[in-house]
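To start, the structure under review is shown below, and the notes come after it.
Laboratory data are not the source of any read-out in this text; all were calculated from the coordinates shown. Note that the structure is predicted; figures quoted are calculated from it, not measured. Cβ: placed from backbone, ideal geometry, glycine included. Neighbour counts: every protein chain shown.
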Amino acid sequence: MANLGYPFTLGVASGEPAPDSVIIWTRLAPDPFGLDPARPGGMSERPVPVRWQVAEDQRFTRIAASGTAQAQHAWAHSVHVKVDGLRPAADYYYRFTVSAPFKNNEMSAVGRTRTAPARESRDPVRFAVASCQRYEHGHFTALRHIAEAGPDVVLHLGDYIYEGGKPAVPQPGRYVRPLEPPERSCRSLHDYRNRYARYRTDPDLRAAHAAAPWLPVWDDHEVRENYAGGLPGDGTDPGAFLRRRAAAYKAYYEHFPLRVRPVGNGLRMYRWRPYGAIADFLLLDGRQHREPGDMLGRAQEEWLTGRLRDSSARWKVLVQPLFFGRRMFPDGSLSDDAWDAFPAQRARILDTGGGGLVVLGGDVHNHWACDLGDDSARPVGVEFVTSSVSSAPPGTDNAAILAANAHIRFHDGHRGHLEGKAGPEGFEVAYRTVEFVDRPGAPMGTAAVFGVEGDRLKRLDI
């Protein structure tokens, strides 16, 4: 293998920040949509040494750490490096270089990352929240605006990719951009790898990854729509589905800067990421362990309630993919693919939450804001739901939903994301919007700004 093309077509990323460490990532893919499953990204079976550097400045004159990692064929030549010995709450810059079998000293783009603050820190934390970015439905302009904002951390709530193929009869406005050839649904490891490559070649997505560290969770479309635990959701063979799920989880790991690898057909996704004394980010997995009547599984629920009880942070933030609060539709029905289908488990979490509970949600392709709790006059927490980056909205009567749910305080139907700040005295979230996604370059607006006062929502922009 010689004279390959540029290897860093999928960009760079960082994630899982701790006060003294961070994970940096890249993947060698000179042919990102290669059709040969034995040569993912156009690479042979040979491991390739990849040099990495982390610096305190963008010109790399003050090197903080450096080394060499092996990009292995078994992991699609992805590179995950845990960089230790860093200062808390500090910006760093990183890059990768590689020589043979490429031209000498091919160099990646430069990424900016930031470590988490020390546990005693009471400095504010700036974050962005995104969800549901269907490539064929439109451009990722919201992610470009996140990159320009340069938050301390990006929280991605799932549906990072969509597994489906090109529809037989594309609907207007729902097939804006073509998928990778042959534009089919993902079922094999090769399919999922190429779908991630399709998304990662998007310049706005690459920019958002290069601008800040990410803390992601997943939802269903990273594997298959509406799957639950080991069941595909369509009545097909569970054994075949578990093999498909294992392939999807492996491809997910190969394209994210995660601290842990898949084991068997599973991947540990629920985790705690503290940000000083200000915020405990509790990241939840609402898919892998799901059973009838149980969203999280027993082990994850016990872990979560334990963390909620033990937390001394000013804000306890649940980072999870779905609509958490009660949302009754105009006909009196509730969603069977949101927390309304798991009311007993939701009640246990709310009973344990205590003061300072904030839930972040996505999935529903609209902006929402809710007070949480059975008694709307005495809420026990708040929920901020982000719209989609690009995925088309459902055809629901949102005005009627507001009228039927007194605790739901806000709705907006634009695509977009959230930008927030958590501090010792307050928690604020701005609902950012873009006017269109069918072409690039939409300007960003603000639909509303909310804060938290006495465990309930307070509108700040009116």
Subject >> region 207-359 shape via C-alpha gyration tensor axes, a/c threshold 1.5 >> reply: oblate
**OP:** Using only Cα atoms, find the angle between the long axis of helix 343-353 and the longest principal axis of the chain, and express it within 0 to 90 degrees, rounded to the nearest 10.
**Re:** 90 degrees
Original post:
What is the order of TRP272, TRP218, TRP52, fewest Cβ neighbours within 10 Å to most?
Top reply: TRP272, TRP52, TRP218
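How would you classify region 155-200 from its alpha-carbon gyration tensor, with a ≥ b ≥ c the square roots of the eigenvalues: rounded for a/c under 1.5, else prolate if a/b is greater than b/c, otherwise oblate? All intermediate terms of the calculation are to be shown ahead of the outcome.
Values: a/c = 1.96, a/b = 1.21, b/c = 1.61.
Oblate, since a/c reaches 1.5 and b/c is not below a/b.
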Original post:
Helix 298-310 versus the longest principal axis of the chain: what angle, 0 to 90°, nearest 10, using Cα atoms?
Top reply: 70 degrees
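Over region 1-115, what portion of Cα pair distances is larger than 21 Å, expressed as a whole percent? Walk me through the numbers on the way to the answer.
Numbers: 2290 of 6555 pairs.
Within region 1-115, distances greater than 21 Å cover 35 percent of Cα pairs.
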Original post:
lysines near LYS82 by alpha-carbon distance under 18 Å, same-chain residues fewer than 8 away left out - which ones?
Top reply: none
Subject >> Candidate aspartates and glutamates - alpha carbon under 20 Å from LYS166, same-chain residues fewer than 8 apart omitted >> reply: GLU136, GLU180, GLU183, ASP191, ASP202, ASP220, GLU222, GLU225, ASP234, ASP438
Subject >> Those aspartates and glutamates that a straight Cα-Cα span of less than 13 Å connects to LYS316, excepting residues fewer than 8 apart in one chain >> reply: ASP280, GLU383, ASP455
Original post:
Taking amide H positions as placed 1.01 Å from N in the peptide plane, with prolines and chain starts having none, which residues 5 or more places from VAL176, or on another chain, fall under 5 Å of its amide H?
Top reply: HIS137, GLY138
**OP:** Using DSSP, restrict attention to beta bridges with both residues in the chain and report what percent are antiparallel, rounded to the nearest 5.
**Re:** 75 percent
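Taking a ≥ b ≥ c as the square roots of the Cα gyration tensor eigenvalues, with a/c under 1.5 meaning rounded and otherwise prolate when a/b beats b/c, else oblate, which class fits region 77-216? Can you show the working numbers first?
On the way: a/c = 2.39, a/b = 1.46, b/c = 1.65.
Because a/c hits 1.5 or more and a/b fails to exceed b/c, region 77-216 counts as oblate.
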Subject >> Segment ASP237-GLN58, length gained on full extension (0.36 nm per residue, minus Cα span) >> reply: 59.3 nm
Original post:
If one computes P(r) from the Cα atoms of the chain, what percent of pairs lie at distances over 33 Å?
Top reply: 33 percent
Original post:
Which distance in Å, rounded to a whole number, links the C-alpha centroids of region 1-57 and region 331-348?
Top reply: 41 Å
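Do any chymotrypsin sites (Phe, Trp or Tyr not before Pro) in region 360-412 lie in a DSSP loop with no more than 14 other beta carbon atoms within 10 Å, and if so, which? Don't skip to the end; give the middle numbers.
Numbers: sites: TRP368, PHE384, PHE410; in loops: none.
Of the chymotrypsin sites (Phe, Trp or Tyr not before Pro), not one in the loops of region 360-412 has a Cβ with at most 14 other Cβ atoms within 10 Å.
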**OP:** Quick one: order TYR253, TYR160 by neighbouring beta-carbon count within 10 Å, fewest to most.
**Re:** TYR253, TYR160
